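No value in this document is a laboratory result; all are computed from the given coordinates. Just so we're clear, the structure is a prediction, and the values are computed from it rather than from any experiment. Positions of Cβ are backbone-derived with ideal geometry, glycine not excepted, and every protein chain shown enters the neighbour counts.
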Amino acid sequence: MRIIRRGTTNPGTLGGFFTFGGDEIFGISNNHVLANLGQCKMGDKICKSGSQIVVGSLQCWIEINSESTNYLDVALFKLAPDARPYWRRLLDDKTVPGEIRMAEEGERVYMVTNNGSTKQGIVSQLFIDKEYLVSFGDNEYAFTGLSEVTSLSASPFSEPGESGSLVFSRANNDVIGVLMGTNENNKARSYYVPFVHDNLGICAVYPSIEVWNPYKNFA
């Protein structure tokens, strides 16, 4: 589902559903989709793109700063009481994902598009240790520790509007990260924020990321 924060113009994608250290259910996407790079407040309405249907309210985001190095581009919103959480059908007819884990270099991965089709790729680089500059609005933001997926087809792995989609392991549907964007100089390559970081000290800075779990308790 494409989603947008009310009052903004650039939609992204609802990646999936997680618990966040308790029983409440949250949807996930990027900060630049849901939190407008910090130009937001808790409780802002999150809507289905192209409609006034409210699917939730903004609850948690990790700040992005144009004057320092960033690691994570993620935000969470609490589902509205009448919103029904469901995962878009995964490969092998699975209806819920596996666990959150670190990918392996060379591993085959995929994402599910908003129309239900899938795109497949291969993890070509893990935890890139150089800065990747991303333009959001009038500013550039430096990120490091991202991982790279190279498309296995002639088409790009991701397109505009798909930011916030989750990247899954092809082998067992485990969740390995949240899609951030495409390499503007090489459309075959896309970048995702890994949920499990290696040797970057991210868990010390953002300890709450350790309690994310995919929501699976469907009636």
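Explain nothing, just the number: relative contact order of the chain, from Cα pairs under 8 Å at least 6 residues apart, as a whole percent.
Once normalised by length, the contact order is 21 percent.
Out of 155, 165, 124, any idea which swings most in a Gaussian network model of the chain, alpha carbons joined below 10 Å?
Ranking 155, 165, 124 by mean-square fluctuation puts 155 first.
With the Cα gyration tensor of the range 1-73 in hand, give its eigenvalues times 5 under a square root as the equivalent ellipsoid semi-axes, listed largest first in whole angstrom.
Its equivalent ellipsoid spans semi-axes of 19, 16, 11 Å.
Can you show me the helix-derived [θ] at 222 nm for the chain, built from DSSP H runs with n ≥ 4 at -39,500 (n - 2.57) apiece and divided by the number of residues, rounded to the nearest 500. Before the final figure, lay out the partial values.
Numbers: 2 runs with 8 residues, N = 219.
Only helices count here, giving -500 deg cm²/dmol.
Beyond 20 Å, what share of the Cα-Cα pairs of the range 31-113 is found? Please give it as a whole percent.
53 percent
Restricting things to alpha carbons, tell me how big the range 91-197 is in terms of Rg and Dmax, in Å.
13.2, 42
So which residue, out of 174, 138, 93, gets the largest mean-square fluctuation from a GNM of the chain using Cα contacts under 10 Å as springs?
138
Taking the Cβ of each residue in 76, 90 as the centre, tally the other Cβ atoms inside 10 Å and list the residues starting with the fewest.
90, 76
Rank these for me by crowding, 26, 136, 157, going from fewest to most other beta carbons within 10 Å.
136, 26, 157
What GluC sites (Glu not before Pro) in the range 25-121 are in a loop by DSSP, with at most 15 other Cβ atoms within 10 Å of the Cβ?
63, 67, 99, 104, 105
In whole Å, largest first, what are the principal axis extents of the Cα atoms in the chain?
43, 41, 34
What spacing in nm lies between the two simple spin-label points modelled at residue 117 and residue 104, each 7 Å away from Cα in the Cβ direction?
For the pair residue 117/residue 104, the computed spacing is 3.0 nm.
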